[in-house]
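Asks: The structure follows.
Bear in mind that the values in this text are calculations on the coordinates, not laboratory data. What you see is a predicted model, and the numbers here were worked out from it, not measured in a lab. Neighbour counts run over all protein chains shown; Cβ positions are idealised from the backbone, glycine included.
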Amino acid sequence: MELPFAESYRIKMVENIRRSTHSEREQWIKQANYNLFMLKSDHVFIDLLTDSGTGAMSDRQWSAMMVGDESYAGARSYYNMKNAIREILGFDYFLPAHQGRAAENVLYSTIIKEGDVLPGNSHFDTTKGHIEFRHATALDCTIEEASDTQLEIPFKGNIDIARLEAVLQQYPKEKIPCVVLTVTNNTAGGQPVSMENIRRTSEVCRRYGVPLQLDSARFAENAYFIKTREKGYENKTVKEIVKEMFSYADIMTMSSKKDAIVNMGGFVAFKSEKLWKACQKFCIMNEGFITYGGMSGRDMNALAAGLDEGTEFDYLETRIKQVEYLGKKLDAYGIPYQRPAGGHAIFVDAKKMLTHVPKEQFIAQTLAVELYLEAGVRGVEVGALLADRDPVSRDNRYPELELLRLAIPRRTYTNNHIDVVAAALKNVFDRRETITKGYAITREEPIMRHFTVELEKAR
Ligand SMILES: *Cc1c(COP(=O)(O)O)cnc(C)c1O
């Protein structure tokens, strides 16, 4: 008999969580103005809002925290982080930051000016926010196949090289501070980018004299997919693949709350000493001195250990197989999602599921609220709320896809929890014909509205 697959770790410490009743949840979600970001986490049973900073650190990481060096300048912990970044990722220069968006802020304060254009593959929401806030444009050049949720291709996160090249031809290079390649492509469904695509992107960038930035929150999951799906990489280690991926990049930004498996932290790394120096003042002004940049010494230590653990095959296999496990459950129930299963999340195709809710009433948000009501499971909308308004016309943008993202925290839940999530979603699926009304906005911010938006039931 073939042995079943099992996790590559065991549990040493537990955190209690609590179920709730349907009527409690009805009251809580109303008090939260139907915005799941506004719920108390105590009112959530299984929290799949994000895989960011929600992972479980290892005994090795916790022990690294105990020997953190909290010196203001030149801390040992800074050098531990520097060594890990050089050895695992291949960058000689970096600035710590308290999380990914802070790293973006340090970098973009230095290189973006009004009217600039940054082409890429489905920029992450904070990345797009930082670009648009500076009156520059985030141009999405993701391959067209990414918007067909039922199409199974191995590297659905790729950038369309021809479209990218057309943009680079259209604008003078002074207007393009960098190309932003996000690995994995979160917005398109945690879909990976192939090594070939990364290499070809870098060739095009070199040809036009434009630097390549890898937005790298989930670089290790991307490397796992390259190993398991791309010809020629099956016998390379994840660490070898990671090294090659970053050999093509000039800059990387990192939310370490993802693949470095820490609860808080980030950095921006550079090949160019000159750019590193140019960015330092924004680090000092907004984050902290260049050897801690908003991070405690102990957190830099945990991050260094996390980069090493996060690029180990056994860990990645455990993680990605759990996401796949949820995908297979949904397959059995006939629930449509972005295929194939992504690295960190399942993205349920809300448009295909709730066909009676008009797009003006926020289809994916409606599904997110229904799932919460059903079982206290919290996912997140990736649809019209997130897409926000057009910066010029201020009209609502209605994206092609309305997705409910169920992000799986690293090393946190068991497959029993995943079974509950899948069953709850099936119950919603079974009564989908009865869900005909969504939500209307009663209050919103002018940028990144989805975090704080207030909603009411549509009339
Ligand atoms: C999470 C994330 C960010 C932003 O990082 P934070 O740590 O949340 O500030 C940027 N890009 C990508 C691809 C991400 O996943």
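Asks: Considering only segment 227-238, state which residues are buried (at least 17 other Cβ atoms within 10 Å of the Cβ) and either within 16 Å of the ligand (Cβ to nearest atom) or assigned to a helix (DSSP H, G or I) (or both). Full working, then the answer.
Replies: The initial filter retains those residues of segment 227-238 that are buried (at least 17 other Cβ atoms within 10 Å of the Cβ), namely 227, 230, 233, 236, 238.
Once the filter is applied, which keeps residues that are buried (at least 17 other Cβ atoms within 10 Å of the Cβ) and either within 16 Å of the ligand (Cβ to nearest atom) or assigned to a helix (DSSP H, G or I) (or both), segment 227-238 yields Lys227, Val238.
Asks: Something else: I want to confirm something. Restricting to segment 284-302 and keeping residues that are of a type outside the set (Val, Ile, Thr) and touching a Phe, Trp or Tyr at 6+ places or on another chain (Cβ under 8 Å), which single residue is farthest from Thr184 (Cα to Cα)?
Replies: First, the residues of segment 284-302 that are of a type outside the set (Val, Ile, Thr): 285-289, 292-302.
Now drop any that are not touching a Phe, Trp or Tyr at 6+ places or on another chain (Cβ under 8 Å), which leaves 289, 292-293, 297, 300, 302.
Details: Phe289: 30, Tyr292: 27, Gly293: 25, Gly297: 28, Met300: 23, Ala302: 23 Å.
Only one residue tops the list, namely Phe289.
Asks: Look at Tyr337 and say whether it is surrounded by 24 or more Cβ atoms within 10 Å (Cβ to Cβ), aromatic (Phe, Trp, Tyr) and over 24 Å from Glu454 (Cα atoms). Outline the logic, then answer.
Replies: Working: surrounded by 24 or more Cβ atoms within 10 Å (Cβ to Cβ): yes; aromatic (Phe, Trp, Tyr): yes; over 24 Å from Glu454 (Cα atoms): yes.
In short, yes.
Asks: Could you list, in sequence order, the residues of segment 14-44 that are of a type in the set (A, V, I, L, M, F, W, C), touching a residue at least 12 places away in the same chain (Cβ under 8 Å) and in a loop (DSSP other than H, G, I, E, B)? Before the answer, list the steps.
Replies: Filtering segment 14-44 down to residues of a type in the set (A, V, I, L, M, F, W, C) leaves 14, 17, 28-29, 32, 36-39, 44.
So of that shortlist, the ones also touching a residue at least 12 places away in the same chain (Cβ under 8 Å) come out as 17, 28-29, 36-39, 44.
Result: Ile17, Leu39, Val44.
Asks: Check segment 212-226 and report whether any residue there is out of contact with any helix residue (DSSP H, G or I) (no Cβ under 6 Å at 6 or more places or on another chain) and either more than 16 Å from the ligand (Cβ to nearest atom) or without any contact (Cβ under 8 Å) to a residue 24 or more places away in the chain (or both).
Replies: No - not one qualifying residue is present in segment 212-226.
For every residue, the table says whether it meets (1) part of a strand (DSSP E or B); (2) closer than 30 Å to Ala162 by Cα; (3) within 11 Å of the ligand (Cβ to nearest atom).
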| residue | (1), (2), (3) |
| --- | --- |
| Ala64 | no, no, no |
| Gly68 | no, no, no |
| Gly74 | no, no, no |
| Met81 | no, no, no |
| Ile88 | no, no, no |
| Arg101 | no, yes, yes |
| Ser109 | no, yes, no |
| Lys113 | no, yes, no |
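Asks: Moving on. For segment 271-316, what are the residues that are assigned to a helix (DSSP H, G or I) and among the hydroxyl-bearing types (Ser, Thr, Tyr)? If you could, list the steps in order and put the result at the bottom.
Replies: Kept after step one, since they are assigned to a helix (DSSP H, G or I), are these residues of segment 271-316: 273-286, 297-310, 313-316.
Answer for segment 271-316, where residues must be assigned to a helix (DSSP H, G or I) and among the hydroxyl-bearing types (Ser, Thr, Tyr): just Tyr315.
Asks: Tally up the residues in segment 346-369 that are buried (at least 22 other Cβ atoms within 10 Å of the Cβ) and under 24 Å from Lys329 (Cα atoms), please.
Replies: Restricting attention to segment 346-369, the residues satisfying the condition of being buried (at least 22 other Cβ atoms within 10 Å of the Cβ) are 346-350, 353-354, 357, 362-369.
Filter once more, so that each one left must be under 24 Å from Lys329 (Cα atoms): 346-350, 353-354, 363-369.
Residues flagged as buried (at least 22 other Cβ atoms within 10 Å of the Cβ) and under 24 Å from Lys329 (Cα atoms) within segment 346-369 amount to 14.
Asks: Name the single residue that is nearest to the chain's Cα centre (by Cα) among those in segment 240-262 being within 9 Å of the ligand (Cβ to nearest atom) and not in a loop (DSSP other than H, G, I, E, B).
Replies: Restricting attention to segment 240-262, the residues satisfying the condition of being within 9 Å of the ligand (Cβ to nearest atom) are 253-258.
The next check asks that each one be not in a loop (DSSP other than H, G, I, E, B); those that pass are 253-255.
Details: Thr253: 12, Met254: 10, Ser255: 9 Å.
Taking the candidates together, the pick is Ser255.
Asks: Let me ask something else. Quick one: in segment 127-165, which of the residues that are assigned to a helix (DSSP H, G or I) and among the charged types (D, E, K, R) is surrounded by the most Cβ atoms within 10 Å (Cβ to Cβ)?
Replies: Taking segment 127-165 as the starting set, the residues that turn out to be assigned to a helix (DSSP H, G or I) are 127-133, 144-147, 161-165.
Now narrow it down to the ones that are among the charged types (D, E, K, R): 128, 132, 144-145, 163, 165.
On the way: Lys128: 23, Glu132: 16, Glu144: 9, Glu145: 15, Arg163: 16, Glu165: 18.
The residue in question is Lys128.
Asks: Looking at (1) assigned to a helix (DSSP H, G or I); (2) basic (Lys, Arg); (3) within 16 Å of the ligand (Cβ to nearest atom), which one does Arg199 not meet, given that it meets all the others?
Replies: (3)
Yes/no per residue for (1) in a loop (DSSP other than H, G, I, E, B); (2) in contact with an Asp or Glu (Cβ under 9 Å, 6 or more places away or on another chain); (3) surrounded by 15 or more Cβ atoms within 10 Å (Cβ to Cβ):
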{"position": "Ser393", "(1), (2), (3)": "yes, no, no"}
{"position": "Tyr398", "(1), (2), (3)": "yes, yes, no"}
{"position": "Arg410", "(1), (2), (3)": "yes, yes, yes"}
{"position": "Ile418", "(1), (2), (3)": "no, no, yes"}
{"position": "Ala422", "(1), (2), (3)": "no, no, yes"}
{"position": "Lys426", "(1), (2), (3)": "no, no, yes"}
{"position": "Glu433", "(1), (2), (3)": "no, no, no"}
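Asks: Of everything in segment 166-195, what is among the polar types (S, T, N, Q), away from the ligand (no atom under 16 Å from the Cβ) and not in a helix (DSSP H, G or I)? Give them in sequence order. I'd like the intermediate steps shown before the answer.
Replies: So the first thing to find is which residues in segment 166-195 are among the polar types (S, T, N, Q), and the list is 169-170, 182, 184-187, 191, 194.
Still in the list and also away from the ligand (no atom under 16 Å from the Cβ): 169-170, 194.
Answer for segment 166-195, where residues must be among the polar types (S, T, N, Q), away from the ligand (no atom under 16 Å from the Cβ) and not in a helix (DSSP H, G or I): just Ser194.
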